[in-house]
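The values are calculated or read from the model by the stated rules, or taken from the named source; none is laboratory data. This structure is a prediction, so every number in the text was calculated from the model and none was measured. When we count neighbours, we look across all protein chains shown, and the Cβ atoms used for this are built from the backbone with ideal geometry, even at glycine. Just so you know, the surface numbers come from the protein's heavy atoms only, side chains and all, with ligands and any DNA or RNA stripped out. Shrake-Rupley method; radii C 1.70, N 1.55, O 1.52, S 1.80 Å.
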Amino acid sequence: MPRTVTRPGVRLVAAIVLLVLVGLACTGGGDPTPTPIPVDPSRADEDAFFEGYTKRVFNVADDRAPSTRPTAPPINASLPDDVPIKHIVFIIKENRTFDHFFGSYPGADGATEGLTLDGEVVPLRPGLDVMSAPLTHGFWSGLFAVDGGRMDGFDTIVGGENLDGYAMFDREGIPNYWAYADRFVLADAFFTSEYGPTFPEHLYTVAAQSYGIMDNKAQTAPSPGRYCDDPQGYTPAFPQDLTEAELREIIEDENRIVDDHPDAMREIRSYLMSIRACLDIPTLPDRLSAAGVSWKFYSDPVFPIGDIMRAIRHVRYTDLWKNVVRSESFLDDIDNGDLARVSWVNPPAPYNEHPILPHRAQSVCAGENWTVAVMNALQRSKYWRSTAVVVIWDDFGGFYDHVNPPQYDIMGLGPRTPALIMSPWTKKGRLPEGGTIDSHTYEFSSVLKFIEEIYDIDPLTERDGQADPLTGSFDFDSPPDMEKFILPLRDDCLYGNEPPFRSDDNLGLAP
C-alpha cells in the first residue's frame with residue numbers, strides 16, 4: 001500500500017512543457033545531421049514557463065523519504081539459441097499505466113489506492129471509457145509524478161489536481177484485456193523508456209534512444225507531426241556530449257525537482273538545446289533491412305505525432321520509406337499473407353486509446369476491440385505458430401502508478417506501461433486460462449533486444465545492449481500451445497463495434 005506522509009510547508013510546483021521558438025530557415029530535407037541551437041533563457045517568459053500547466057499549491061513535508069535513484073542496470077539475460085519465433089508484432093498504444101489498467105488484477109503488483117503529495121491516500125476511482133479533459137504527461141510532468149521515486153506527485157500535474165489521473169479499470173471495464181492476461185503473459189514490471197511524451201517514447205521503440213529529445217515537436221501548423229517534412233519543426237533535447245559530471249548533476253536535479261522547484265527546473269533547462277526534429281540516428285528497421293529481414297511500420301496520418309519514421313531522414317528520403325504504410329492496412333496484410341517478419345503497429349487513431357485528441361472522443365472500449373480483431377486475425381492466420389505479439393502503451397498519460405521506475409540515465413525510465421505478451425510460446429502459469437505474470441524488468445528496448453537476438457543483430461545503444469529480451473515471458477522448451485483463444489468483439493462501445501476499423505471512425509463525436 002502507498003505510504004502516508006505529513007507535509008508542513010507550502011510550495012508551488014508546476015509540471016510544464018518547454019516550447020522553444022527558433023528562427024532558423026530550413027528547406028527540403030535539411031542538413032544531414034541535427035544542428036543544436038542553445039536555448040536562450042532571456043527569450044522566454046520565466047513566470048509563464050514555471051507556472052506551466054497548473055498553479056496548484058500543496059504541502060511539502062520536511063521528513064519525506066530520500067530518493068533511491070539512480071538504479072543499477074538490469075542483470076544480463078539472453079534468449080536461447082534457435083528461438084522458433086519468426087514474426088514479431090510490436091503494437092504501441094497511447095497513454096496508460098499499469099495500475100490504471102491492471103491495478104486490481106489478482107496476483108499482479110498493482111495498487112487500488114494512490115498517494116498524493118500532501119500525504120493523502122486516495123482510492124483509485126473507476127476509469128472512464130471516454131475522458132472529457134486531458135492530463136499532462138510530458139517529461140516534466142513525469143518527473144513531478146515520479147518525484148524521485150516517491151510516486152506521489154501525480155496530483156501536481158494538470159488534471160491531477162482534480163485527481164482525474166487517480167483512476168483504474170477492472171475486469172468489467174476492459175474484459176478482453178483481462179482475458180488476454182488470463183491466457184497469455186501480463187508483464188507487471190514493464191516500464192516506459194522515458195518520462196514522456198509521445199515523440200521521444202516512440203523513438204525508443206525503433207532506436208532504443210531519443211537522441212536526448214525530451215518533448216514533442218513544437219505544435220506548428222498544420223499538425224504537431226510531419227517531422228522531416230516540416231522545416232520549422234524543432235524540439236528540445238539534451239546535448240549528446242554531456243560529461244559524466246553534468247549527467248550526474250542532471251540526475252540529482254531530476255530527483256529533487258519537487259523539493260527544489262523552480263531551481264532544479266532552471267538547472268535542467270539550462271542544458272537543453274533546440275534541434276530539428278529530423279534525425280539520422282541508427283534504427284532497428286535500418287539494421288533489419290541490412291540483414292535482409294522484412295519489416296513494416298504502420299502509422300496513421302490522423303495521429304501524425306506518432307508517425308516517427310518520418311523523423312528519420314535516411315528512412316524518409318530513401319527507398320526504406322516504402323516500408324512505412326497506413327495503419328488501416330495491417331489487418332489486410334495478415335489476411336492477404338503479407339505479414340513482414342517485424343511489424344511496428346500504431347493503431348488507426350480512434351483505436352490507440354489516447355485519452356484525448358483534438359476534436360475527437362477516444363474510447364478504450366473501441367481500442368480494445370481493434371486489439372481483439374488483430375489477435376483473432378493473427379491466430380487464424382498461417383503465421384500464428386511462429387508469432388510473438390507485444391502490446392504496450394507509450395507513456396504514463398498522467399495516470400497514477402505506484403511502482404518506482406528504475407533510473408538508468410537522465411531520460412528515464414518512466415512509469416510502468418500495461419504490457420501483454422502473447423504467443424503460442426508464452427509461459428504457462430496458474431492464471432484462469434493458463435497464463436502467467438512476468439515480473440522481470442523490461443522497457444521498450446527489451447522488445448528491440450528480443451528482435452535483435454532472434455535475427456543476430458548488434459545492439460543499437462547501451463539501452464538495448466543491457467535490456468532483458470523478454471526472457472521471463474516465453475517457454476521454448478515445451479511444445480507451443482496452438483489452441484486458439486478467439487474472443488468476441490464488444491458491442492457496447494461508443495464506436496468500433498465491428499470492422500473495418502478506419503482512421504475516421506469517430507470523427508464528429510464530441511469528447
Original post:
In whole percent, how big is the carbon plus sulfur part of the accessible area of the range 420-486, probe 1.4 Å, protein atoms only?
Top reply: 42
**OP:** Using the charge dipole of the chain (Lys, Arg: +1 at Cβ; Asp, Glu: -1 at Cβ; taken about the Cα centre), state which of I88, M131, G429 has its Cα farthest towards the positive end.
**Re:** I88
Original post:
Counting only protein chains, not ligands or nucleic acids, how are K296, K427, K484 ordered by accessible area (probe 1.4 Å), most first?
Top reply: K484, K427, K296
Original post:
Tell me, what is the percent relative contact order of the chain, built from C-alpha pairs under 8 Å that lie six or more residues apart?
Top reply: 26
Subject >> Length-normalised contact order for the range 207-321 - Cα pairs under 8 Å, 6+ apart - percent >> reply: 32
Original post:
Per Stokes-Einstein, at 20 °C and 1.002 mPa s, what whole-number D in µm² s⁻¹ belongs to the range 282-376, with the Kirkwood radius over Cα pairs as the hydrodynamic radius?
Top reply: 150
**OP:** Leaving out ligands and nucleic acids, note down the accessible area per residue over the range 160-213 with a 1.4 angstrom probe, in whole Å².
**Re:** 17
Subject >> Relative contact order, percent, the range 339-471 [alpha-carbon distance under 8 Å, six or more residues apart] >> reply: 15
Subject >> Under the span-like rule (Cα at least 18 Å along the axis, Kyte-Doolittle mean at least -0.5), DSSP H helices of the chain >> reply: 364-380
Original post:
In the range 203-331, what percentage of the DSSP-assigned beta bridges are antiparallel, given to the nearest 5?
Top reply: 55
Original post:
Per the 1.4 Å probe, what fraction of the accessible area of the range 163-306, in percent, lies on carbon and sulfur atoms?
Top reply: 51
Original post:
Quick one: how many Å² of S439 are accessible to a 1.4 Å probe, rounded to 10?
Top reply: 80
Subject >> Spatial extent of the range 182-267: Rg and Dmax, with the Cα atoms as the point set, Å >> reply: 16.4, 49
Subject >> Alpha carbon convex hull of the chain, projected area averaged over orientations, nm² >> reply: 21.9
Original post:
Sorted by average packing, counted as other Cβ atoms within 10 angstrom per residue and highest first, what order do 448-455, 246-253, 282-289 take?
Top reply: 448-455, 282-289, 246-253
**OP:** Mind grabbing the accessible area of T136 for me, 1.4 Å probe, Å², rounded to tens?
**Re:** 10
Subject >> Per residue accessible area of the range 321-435, 1.4 Å probe, in Å² >> reply: 26
**OP:** Indicate, rounded to the nearest 5 percent, the antiparallel portion of the DSSP beta bridges found entirely in the chain.
**Re:** 50
Original post:
How many percent of DSSP beta bridges within the range 283-395 run antiparallel, rounded to 5?
Top reply: 20
**OP:** Per DSSP H run of n ≥ 4, the term is -39500 (n - 2.57); total these for the chain, divide by its residue number, and report the mean residue ellipticity at 222 nm rounded to 500 deg cm²/dmol.
**Re:** -5500 deg cm²/dmol
**OP:** Would you mind checking K93/K382; K427/K484; K93/K296; K217/K449; K296/K382; K296/K322 for any pair whose Cα atoms are more than 20 angstrom apart?
**Re:** K93/K382; K217/K449
Original post:
Can you put H354, H314, H359, H440 in order of accessible area, largest first, using a 1.4 Å probe?
Top reply: H359, H440, H314, H354
Subject >> T68 paired with F476, simple spin-label distance in nm, labels 7 Å along Cα-to-beta-carbon >> reply: 3.3
Original post:
Top to bottom by accessible area (1.4 Å), largest first, where do D332, D307 land?
Top reply: D332, D307
